[in-house]
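These notes concern the structure reproduced below.
The values are calculated or read from the model by the stated rules, or taken from the named source; none is laboratory data. Keep in mind that what you see is a predicted model, and the values were worked out from it rather than measured. All Cβ positions, even for glycine, are placed from backbone atoms using ideal geometry, and neighbour counts span all protein chains on display.
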Amino acid sequence: MSPADPRAFGESARHRLFGLRVACSEPIPALPLAADDGAPDVRVWLGAHPETGAAEWSPVEVTRRVKEDGEATVTVEVSHPAGWLRLRYADGTEFTLDAAGARVGCTWRAPMTLEDTATYLLGPVFGLVLRLRGLTCLHASAVALGGRAILLCGPSRSGKSTTAAAFAARGHRVLADDVAVVEWEGGPRVRPAYPHVRLWPDAVRALYGPRGELPPLTPNWEKRYLDLAAGDAAFHPEPLPLGAVYLMAPGEPGAAPRFETLAPGPGALALVANTYTAWLPDLDAQARDLALLARVAREVPVVIAAHTDAARLDDLCDAIERHFTRPGGG
């Protein structure tokens with residue numbers, strides 16, 4: 001699936017993603033369209049690749065074997081001399097990104113679809129785009145509480161998205177799911193990402209009961225998505241100051257949620273351990289992330305939130321709300 005001239009870019013859709021103006025050759029599935037409000041920050045070719053001018057490609061040694069939710073392994077290459085990156089997934093999906101994080105191309109093979117490709121694009125690929133643009137991302141969901149954002153931080157299957165969706169059901173707005181941009185603007189703040197939350201079927205059942213249903217994210221994946229742009233508009237479209245970071249951790253079975261606030265040093269290290277796309281070696285980016293996250297850990301509480309029971313999501317949300325709003329809390 002490629003236009004006759006894959007180097008040509010014909011814009012047909014605009015989206016707002018992670019605070020960036022994104023022009024696409026066709027709309028990204030399940031995302032609302034945005035107004036044309038100036039020159040795009042990022043251009044995305046869907047079904048084609050821009051001209052890279054690469055004379056040769058060489059492999060990049062990543063720091064660990066990279067997987068997306070336990071599935072497709074990706075290999076990474078860099079071009080010479082232009083510094084483009086090429087990501088090749090085991091299912092045949094391929095991305096190219098320029099060194100400035102301003103141009104992205106992608107192609108895929110059947111039975112994969114545009115919807116499947118969008119799951120990579122909105123996760124690891126845009127995480128890498130943001131990193132190339134000098135921004136720090138955490139593996140976290142973000143929720144608005146009392147005019148500030150809290151981050152629910154942790155690895156896959158730690159309950160970030162499920163807890164964010166539970167907060168949305170309580171009327172709190174969600175800024176981000178899985179990838180959260182943290183920046184410093186007079187203090188730490190969180191950028192909005194895009195208006196949906198990805199959920200596994202067991203999380204949907206825990207949230208909405210055995211008859212709860214949400215539309216599938218893609219034809220080839222069992223994950224579902226909660227549309228935050230529909231109905232009562234549970235998406236928060238503007239940045240918010242960061243109030244606290246909750247590190248999702250396993251707790252004692254049947255026990256109430258338990259909190260432990262970390263000192264700034266251990267808190268900064270915990271945040272660094274949850275940096276998104278940190279598997280790609282980049283000493284400058286790593287130094288930038290460490291400097292920013294050390295400032296964040298000195299400014300806001302970094303709290304271990306130990307919990308286990310998915311059936312007690314209301315208890316967890318109650319406990320986080322009380323902890324965050326108590327005197328001396330977030």
Among the residues of the range 95-106, is any modelled with pLDDT of 95 or more and more than 30 Å from residue 283 (Cβ to Cβ)? no
Look at the range 187-204 and say how many of its residues are over 15 Å from the mean Cα position of the chain (by Cα) and either outside the structural domain of residue 295 (by TED's automatic domain parsing) or closer than 18 Å to residue 245 by Cβ (or both). 3
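Please go through the range 266-279 and pick out each residue that is over 17 Å from residue 181 (Cβ atoms) and at pLDDT 90 or above.
266, 267, 268, 269, 270, 273, listed by residue number.
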Scanning the range 254-298 for residues that are more than 23 Å from the chain's Cα centre (by Cα) and hydrophobic (A, V, I, L, M, F, W, C) gives 255, 256, 259, 262, 263
Subset of the range 203-220 [surrounded by 15 or more Cβ atoms within 10 Å (Cβ to Cβ) and touching a residue at least 24 places away in the same chain (Cβ under 8 Å)]: 203, 206, 207, 217, 218
Only one residue in 200, 184 is among the hydrophobic types (A, V, I, L, M, F, W, C), modelled with pLDDT under 95 and surrounded by fewer than 20 Cβ atoms within 10 Å (Cβ to Cβ), so which one is that? 200
Any idea which residue in the range 280-307 is modelled with the highest pLDDT, counting only those that are assigned to a loop (DSSP other than H, G, I, E, B) and surrounded by fewer than 16 Cβ atoms within 10 Å (Cβ to Cβ)? 282
